[in-house]
1. Long-range amide H contacts for L53: which residues qualify at under 5 Å (H placed 1.01 Å from N, peptide plane, sequence gap of 5 or more or a different chain)?
2. How would you order 88-97, 63-72, 33-42 from highest to lowest mean count of nearby Cβ atoms within 10 Å?
3. Between Rg and the Kirkwood Rh of the range 1-77, both from Cα atoms, what is the Rg to Rh ratio?
4. How much FRET efficiency would the formula 1/(1 + (r/R0)^6) give for L44 and A118, where r is the Cβ-Cβ distance and R0 is 45 Å, rounded to 0.05?
5. Please compute the modelled spin-label separation between Q15 and Q86, points set 7 Å along Cα→Cβ, answer in nm with one decimal.
6. When the chain is fully extended, how far beyond the present Cα-Cα distance does A72 get from I128, taking 0.36 nm per residue of separation?
7. Starting from the Cα coordinates of the range 58-143, work out the convex hull volume and express it per residue in Å³.
8. Computed FRET efficiency, Cβ-Cβ of T36 and H98, R0 25 Å: what is it to the nearest 0.05?
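We did not get these values from a lab; they are worked out from the coordinates using the rules stated. Fair warning: this is a prediction, and the values are worked out from it, not measured in the lab. Cβ atoms come from the backbone with ideal geometry, glycine included; neighbour counts cover every protein chain shown.
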Amino acid sequence: MIRATQVRAHYRWTQAPADTVVLGFDDRHRRRMAMTGTRGLEFLLDLENATVLRGGDALVLDDGRLIEVVAAPEALAEIRGADPQQLVRISWHLGNRHLPTQITTRGLRIRRDHVIEAMVKGLGARIIEIEAPFDPEGGAYAGGSHAHAPEGDPHDDAAHHDHGDHHYHDEHCDHDHHHGHSHAHDHK
């Protein structure tokens, strides 16, 4: 089976893709996985490290062909605040719960969760139910330094931020997490 062993960052490629994979956020954090493109091309994603794939990235096949990564729309809650201070306060609460959160020019985006949505409403914000690709921040310990190009999302007119080589610390990681500090938390 042909392998994809490299990732070209967000639209930093010009060659026409041989195929496309449409993936939700959870399926875009991988190291090794058999995949089938929308046109039927079967290949093995075989990266050196677990990587968060972003919409607009390209997977490089052994023969040099590219597979475009498209972020699938997901059910999200867009959080709108009355002012920046309210959004910062809500961001603190979401971060305290380790919730993946996307920052946009209009507000914050999280996966739909009725408990969290009730908390956010209780803090005075509005919730707008949307379907959109989910591209949350990678976190302070994500490491790396390569920056993706601006998102270009037609629903987000100025999403300019560095994604770095983001990965999330979960059961899908394929390496140790020795960063000189503990990731343990006491949630009582």
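1. Counting only residues 5 or more places away or on other chains, the set is H29, R30.
2. Highest mean packing first, the order is 63-72, 88-97, 33-42.
3. 0.94
4. Here the calculated transfer efficiency is 0.60.
5. Modelled inter-label distance: 5.0 nm.
6. 18.3 nm
7. 119
8. It comes to 0.20.
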